[in-house]
1. Helix-only mean residue ellipticity at 222 nm, the chain, DSSP H runs n ≥ 4 weighted -39,500 (n - 2.57), per residue, nearest 500. What is it?
2. What percentages make up the Cα-Cα pair-distance distribution of the stretch 94-195 when the bins are 10 Å wide from 0?
3. Compute the FRET efficiency between residue 409 and residue 244 as 1/(1 + (r/R0)^6), taking r as their Cβ-Cβ distance and R0 = 22 Å, and round to the nearest 0.05.
4. As I understand it, the value is the acute angle between the Cα axis of helix 48-68 and the longest principal axis of the Cα atoms of the chain; what does it come to in degrees, rounded to 10?
5. Calculate the dipole size of the stretch 176-319 relative to its Cα centre from +1 charges on Lys and Arg beta carbons and -1 charges on Asp and Glu beta carbons; express the result in debye to the nearest 20.
6. Can you compute the charge dipole magnitude of the stretch 281-417 about its Cα centre, using +1 on each Lys and Arg Cβ and -1 on each Asp and Glu Cβ, nothing else charged? Give it in debye, rounded to the nearest 20.
7. Using square roots of five times the C-alpha gyration tensor eigenvalues, list the equivalent-ellipsoid semi-axes of the stretch 204-332 in whole Å, biggest first.
8. Using Cα pairs closer than 8 Å and at least 6 residues apart in sequence, work out the relative contact order for the chain, in percent.
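The values are calculated or read from the model by the stated rules, or taken from the named source; none is laboratory data. Predicted model only: the values in this text are computed from it and were never measured. Cβ coordinates were reconstructed from backbone atoms using ideal geometry, including for glycine residues, and neighbour counts include every protein chain displayed. Side chains are part of the model used for accessible areas, which takes the heavy atoms of the whole protein and leaves out ligands, DNA and RNA. Shrake-Rupley method; radii C 1.70, N 1.55, O 1.52, S 1.80 Å.
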Amino acid sequence: MSTILITPVSVSGYDINCLYPDEMPDPTFGTIKKARNKINTVASVSETPISIYLSGMMGNCPVGCLSYHDDTMLNPLTMERPSIADVPSFGYNTFSRAMCTLQCYYSLGVSFGRSWPGGNSDALDEYESLMEDWGLDLWYEDFRDARYADFRLAWDSGNYDDINAMIVAENYHPFAIGHLVALEVESLSKNNNDGWNRDGSHTYGYNEEDDTWGAIPCSTNCAPFSDTTGYKPIGTTNVQGDKYNVTGLAQRWQPLREQKGVGIGSYVHQVHITPHIGFTVKPKLRPLIETEAPTYTDYHEEALSVVEQLRLTAGNETRKAMVEFYDNKGQVRSSVIHSITSLDGFDGSLEDTLLLHHGIDLVEHDALLSAWRGKVKYDLVRPTTVIRQWGNDEIDTFGGDFSETESKVIKAKDFEAVIRVMPHSEYPSGSASICKAYADFAIAYTEGVGLDEPVVKKPWDIPDMKAIRLQCGESRLWGGMHFPASIPAGYKIVEGMGKLGYDRIKEIRNGSNFTSKWQKGIGRRRPNNSLCGQRTDSNNAAIEEKARAAPAEVLSSDSEQIYLRSSLQVYLMSALVWFCF
């Protein structure tokens, strides 16, 4: 083994004119969003919890990159200043922040797209193609770029000093920082660290060592996001006696049949999606509020109200449109954000827009956990199951065809909600919780920055954020997915969460004014590759001073040499090498 003493390294501060390609679009949120939409397809998912989880994971990339390319902002993962690498002031600009984010997206996408069962590796190829069109040569996967592999090896070994040394050797290139941020984000989920079981590394079973049942390591054929708490559906339909009497286990959730998989004639029964997260995942903003016990006393009357709501929906095109819109939380979220960013006076910089999105990520995540805890705790049956139990009873309601404009008399056993009923129990409404969290955050944010309350524009009337909350909740009744009491219960468990989300992003920002923040037509000019090497600023001095002040690093390696790779100018002032035998 050889030990190499490396004395302080003199690094020339990079010139952003040399790094930011002329072909790349301006560093606006639109640019980041285009890349994000492309990389999001590496994990094709439809269920709300997993969509929210992946969105939040990817959302850590831009905010993490902001924190490293700023002298004040906190790392959102630790709520402290970044500690592994201290980027000098020449990196404090919107262009470096954008490049860092694009690398982080790719590095996380590799984890989801290549190693995750069901991942869409073609999406990574499409993302790479987009980056090449923009003139960016990212750090690609282990087998294509040794730097990518070296960073991961050092990270997995806990050698953070080595990572810092490699980042210095790379002249603090935004791609190096982006890869570092991705490793930080990914570490949250590996080996079930965050309780989501994203990699399927754990399952529920018997632990022989301590004679207990609980989460244990999965040996093979592991299922991402699978349950680690031992949840099993125990609901049973009343097949004898009074078909209108829903008591005992008939009140518990029962999986519905769905057509899925290879096509017509192939059916599956639902599996409750992520039943563990309300108990195993740590909320980001505050401890979860327990859902109050439901007030259902007569399921027959409750279900008749659902039948009537669907009869009204069948002949109301506006109701149908609202049911569809509010069912898609991505659309609701985007509409709320757009209503804020469209306001006069909104700071449309990349930095402020990304922080706004992070606030939505936070409240969305915790609203989901709040609802899921109650869902599994009470494990209540869906209206569809109750109504179908009535068998050949004739009911006047929605007939199953979305294009029809009138209700229809059908057999109760053939009842369907207006849209798909998701694979999880009924109470409380997750949609009510999430939509209220969106609306309350929007109100807190605009009040906090001194803007008017935003208004979402749709063909139907939405006068304010309160209407978003109310319409979203009511739409779950109009569509037949919930009983009435589920909606206010969903609202109650997220009370105050929107304000907490806004307070958190203020705390993360930590008073920063985001040095060299760029907006088209405002502030510094866009980089130009023709000006590469013609810098006149004093940024070089900042890193030279930092290099002189840095202590000597002693690194060990099994090989005879250690290679310091650099994409820019890296100058070794001196190196003394001793070989120890």
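1. My calculation for the chain gives -13500 deg cm²/dmol from helical runs alone.
2. Spelled out bin by bin, the stretch 94-195 gives 15, 48, 31, 5 percent.
3. Values: r = 19 Å, r/R0 = 0.86.
The pair residue 409/residue 244 has a calculated efficiency of 0.70.
4. Between helix and principal axis, roughly 20 degrees.
5. Working: 12 positive and 18 negative charges, 93 e Å.
Rounded to the nearest 20 debye, it is 440 debye.
6. Values: 16 positive and 25 negative charges, 106 e Å.
Once rounded to the nearest 20, the dipole reads 500 debye.
7. Working: eigenvalues 218, 98, 80 Å².
Ellipsoid half-lengths, sorted descending, are 33, 22, 20 Å.
8. Details: 1074 pairs, mean separation 150.0, N = 581.
Result for the chain is 26 percent.
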